[in-house]
Amino acid sequence: MKITGTFLDEITHDIPAANWGPAEWARDFDAMRAVGIDTVILIRAGYRDRTTFESETLRQFRPMRPAYLDLVDLFLREAERCGMDFYFGIYDSGEHWARGDYQQEIEINQRFTEEVIQKYGDRKAFKGWYLSHELHGYNEAFMQVYLGLTRHLRALKDMPLLMSPYVKGRKQFDDPITPEEHEKQWDTIFAQLAGEVDIVAFQDGQIDFLELAEFMAINKALADKHGLESWSNVETFERGMPINFLPINWQNLRYKLEAAETAGVEKLITFEFSHFLSPNSVYPSAHNLYRRYQEWLAETGQA
């Protein structure tokens, strides 16, 4: 299997800006298309006081910095030019839901996504929603955020809903979850989200490499049980290095690609192409990773 989707991350937490404009983004969309990417996912439309376009709605809730370039329009335009599907990632306040004020997080996003549909809802490439709020285990109160938002989003525009949770794995946590407890919690979560969320793409980077096959098998079986489409979010940055975050070692990426194929997932997406896998990346090692990936595509008949 090859990677056919990528997140677009310009409202970022912890990786550097590339400082690209329309010309640089157009070149990168061409590079994505050249290796078979057909789906792009805006990881979040805004975070705290930053946003991807000038939103009158968000300004009603808090002071916002100006958005000098409408990135949503730019990404939609490039997706349309390249024949790609675009998934819209919603707003993350970074505050309300983190401190348990779930109703406020829901209300902001309900009004914000109404504005989004008015501005972009008729665009040809706009094919799905992405739930930007990530979770790693069962939380009854937080489930209300998902349920409140999924039903609202479907009422605005009935499109596939994608989520990309993470595993409480040993690469990120000192008290990692066991496979048995992970299975129990996600069985409960999917039982509630069945019919509300369409696609689940677990992040693969928090799990030790030798545990990856077991967790992926659990994730795929649970998705099948509850009627969700199963993707894998193949992280193309390296975890466990002293410096966060650098492009992944090609050997590690290939291992994860093969593990995902063995698990039987339907599609591979990545966080994320432009920083860590692109020939246009700010990281020179990403240019080399792109060449290794192209060589592997050719060797496996996927080029």
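The values are calculated or read from the model by the stated rules, or taken from the named source; none is laboratory data. This structure is a prediction, so every number in the text was calculated from the model and none was measured. We place every Cβ from the backbone using ideal geometry, glycine too, and count neighbours over all the protein chains shown.
Please go through segment 98-137 and pick out each residue that is over 23 Å from Ile37 (Cα atoms) and among the small types (Gly, Ala, Ser).
Listed by number, the residues that qualify are Ala98, Gly100, Gly137.
Provide a single number: the residues in segment 133-151 that are assigned to a loop (DSSP other than H, G, I, E, B) and hydrophobic (A, V, I, L, M, F, W, C).
Selection size over segment 133-151: 1.
Please state which of the following conditions Ala67 fails to meet, knowing it meets all the rest: (1) of a type in the set (A, V, I, L, M, F, W, C); (2) without any contact (Cβ under 8 Å) to a residue 24 or more places away in the chain; (3) buried (at least 19 other Cβ atoms within 10 Å of the Cβ).
The number of the failed condition is (3).
Can Gly169 be described as surrounded by fewer than 18 Cβ atoms within 10 Å (Cβ to Cβ), under 30 Å from Met241 (Cβ atoms) and either among the hydrophobic types (A, V, I, L, M, F, W, C) or at pLDDT below 95 (or both)?
In short, no.
For segment 49-80, which residues satisfy the criterion of being farther than 29 Å from Gly5 by Cα and of a type in the set (Ser, Thr, Tyr)?
Matches in segment 49-80: Thr57 only.
Within the set of pairs 6+ apart or on separate chains, which have a first residue in segment 77-103 that is free of Cβ contacts under 8 Å to residues at least 40 places away in the same chain and farther than 17 Å from Asp28 by Cβ, a second that is in a helix (DSSP H, G or I) and aromatic (Phe, Trp, Tyr), and C-beta atoms under 9 Å apart?
So the pair list comes out as His96/Tyr102.
If Ile11 satisfies all but one of (1) touching a strand residue (DSSP E or B) at 6+ places or on another chain (Cβ under 8 Å); (2) at pLDDT 95 or above, what's the number of the condition it fails?
Unmet for Ile11, out of (1) touching a strand residue (DSSP E or B) at 6+ places or on another chain (Cβ under 8 Å); (2) at pLDDT 95 or above: (2).
I need the full set of residues from segment 170-180 which are part of a loop (DSSP other than H, G, I, E, B) and within 18 Å of Leu222 (Cα to Cα), in order please.
Answer for segment 170-180, where residues must be part of a loop (DSSP other than H, G, I, E, B) and within 18 Å of Leu222 (Cα to Cα): Ile177, Thr178.
Looking only at segment 1-15, count every residue that is among the hydrophobic types (A, V, I, L, M, F, W, C), in contact with a helix residue (DSSP H, G or I) (Cβ under 7 Å, 6 or more places away or on another chain) and assigned to a loop (DSSP other than H, G, I, E, B) and tell me the total.
Counting residues in segment 1-15 that are among the hydrophobic types (A, V, I, L, M, F, W, C), in contact with a helix residue (DSSP H, G or I) (Cβ under 7 Å, 6 or more places away or on another chain) and assigned to a loop (DSSP other than H, G, I, E, B) gives 2.
Looking at segment 184-303, what helices (runs of 4 or more DSSP H) fall wholly within it and have at least 3 residues that are modelled with pLDDT of 95 or more and either more than 20 Å from Asp14 (Cβ to Cβ) or small (Gly, Ala, Ser) (or both)?
Correct list: 212-226, 250-263, 284-299.
Taking only segment 238-272 into account, find how many residues are acidic (Asp, Glu) and under 17 Å from Arg291 (Cα atoms).
Final tally of qualifying residues: 1.
Rundown of residues vs (1) at positive phi; (2) of a type outside the set (S, T, N, Q); (3) free of Cβ contacts under 8 Å to residues at least 40 places away in the same chain, yes/no style:
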| site | (1), (2), (3) |
| --- | --- |
| Asp9 | no, yes, no |
| Ala17 | no, yes, yes |
| Arg33 | no, yes, no |
| Ile41 | no, yes, no |
| Arg48 | yes, yes, no |
| Ser55 | no, no, no |
| Arg59 | no, yes, yes |
| Pro63 | no, yes, yes |
| Val72 | no, yes, no |
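Quick one: which residue in Thr270, Thr262, Thr300 is crowded, with 21+ Cβ neighbours inside 10 Å and of a type in the set (S, T, N, Q)?
Just a single option satisfies the conditions, and that option is Thr270.
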